[in-house]
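What follows is a single structure, written as structure tokens, with notes after it.
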Amino acid sequence: MAQVPSRKEQIIMAHAGLICQIAKTIQNSDLLPQTEEILKVSAENGWTDLVAAIRRILGGERELAALTASLDDEDSTIIEAILAGIQDPSTLPDPEARPDPALAAPGLAHMIHDAIRGNAQALEILAGMAEQMTAAGGDMARLGGQMRRLVEGERDPEVLCKGMGKQGEQLMLGILEELARLDAH
């Protein structure tokens, strides 16, 4: 079985486009208008602290500790990846890469497991993912709608898979299988 990416790797993969955009803008100031639009939308969506730190990077600041002092772990990881990419472009994530679908069930199960055990960051990430999944429609929307039930302990596949197609059902069953493994340890 493939290795589940670390939380940091998952954050970097999820924000690869932004990370690369900022690093490219540092190298090519012609990209600044496009980057400013992205930052404006990001700030409107509640990423104000992250956007403020990115603007400081665009202004020339490079001290990691100073840039991340008031940021949460997710935002700090993004800033760290941007700075690493500016220093060494070979470290930049591939913005076109898509996560391995075989890792979706174990990755989600691990986050659900962590959220059940009181990890506030895992719960926050799951809530954001559930919102995005719900907006995607279809089986993803149904799966996103079941996240809360999974965190609350529901494990009945008939309840959780109701209305899902074959792929959604397979993903949910994979999550339940991995949760059973995690709960056994």
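Here, each number is a calculation from the coordinates, and none is a lab measurement. Worth saying up front: this structure is predicted, and the values here are computed from it rather than measured. Note that we place each Cβ from the backbone using ideal geometry, even for glycine, and neighbour counts take in every protein chain shown.
Return the single residue from 38, 19, 11 with maximal mean-square fluctuation; model: Gaussian network over the chain, springs between Cα atoms under 10 Å.
Sorting by GNM fluctuation, first place goes to 38.
Could you tell me which GluC sites (Glu not before Pro) in region 83-185 are loop residues by DSSP with no more than 14 other beta carbons within 10 angstrom of their beta carbon? Don't skip to the answer; put the middle values down first.
Details: sites: 96, 124, 131, 152, 154, 158, 169, 177, 178; in loops: 96, 152, 154.
Counting only loop positions with at most 14 other Cβ atoms within 10 Å, the GluC sites (Glu not before Pro) in region 83-185 are 96, 152, 154.
Just the number, please: Stokes-Einstein D of region 18-132 in µm²/s, Kirkwood Rh from C-alpha pairs, 10 °C, 1.306 mPa s. Write down the numbers at each step before the final one.
Numbers: Rh = 15.6 Å.
My calculation gives 102 µm²/s for D.
Mind pulling the angle between the C-alpha long axis of helix 138-151 and the longest principal axis of the chain? Nearest 10 degrees, somewhere in 0 to 90.
The angle comes out near 80 degrees.
Measuring from centroid to centroid over Cα atoms, what is the spacing of region 122-170 and region 20-64 in Å?
Result: 33 Å between the Cα centres.
Rounded to the nearest 500, what is the chain's calculated 222 nm mean residue ellipticity when only DSSP H runs of at least 4 contribute -39500 (n - 2.57) each, over all residues?
-22000 deg cm²/dmol
Top mean-square fluctuation among 27, 121, 146, Gaussian network model of the chain, C-alpha springs under 10 Å?
In this elastic network of the chain, the residue with the biggest mean-square fluctuation among 27, 121, 146 is 27.
Can you give the charge dipole size of the chain about its Cα centre, rounded to the nearest 20 debye, using +1 on the beta carbon of Lys and Arg and -1 on the beta carbon of Asp and Glu? Numbers along the way, then the final one.
Numbers: 16 positive and 29 negative charges, 39 e Å.
That gives a dipole near 180 debye.
What is the dipole size for region 7-91, taken about its Cα centre, with +1 at each Lys and Arg Cβ and -1 at each Asp and Glu Cβ, in debye to the nearest 20? Present the calculation step by step, with values, prior to reporting the outcome.
Values: 7 positive and 14 negative charges, 31 e Å.
My answer is approximately 160 debye.
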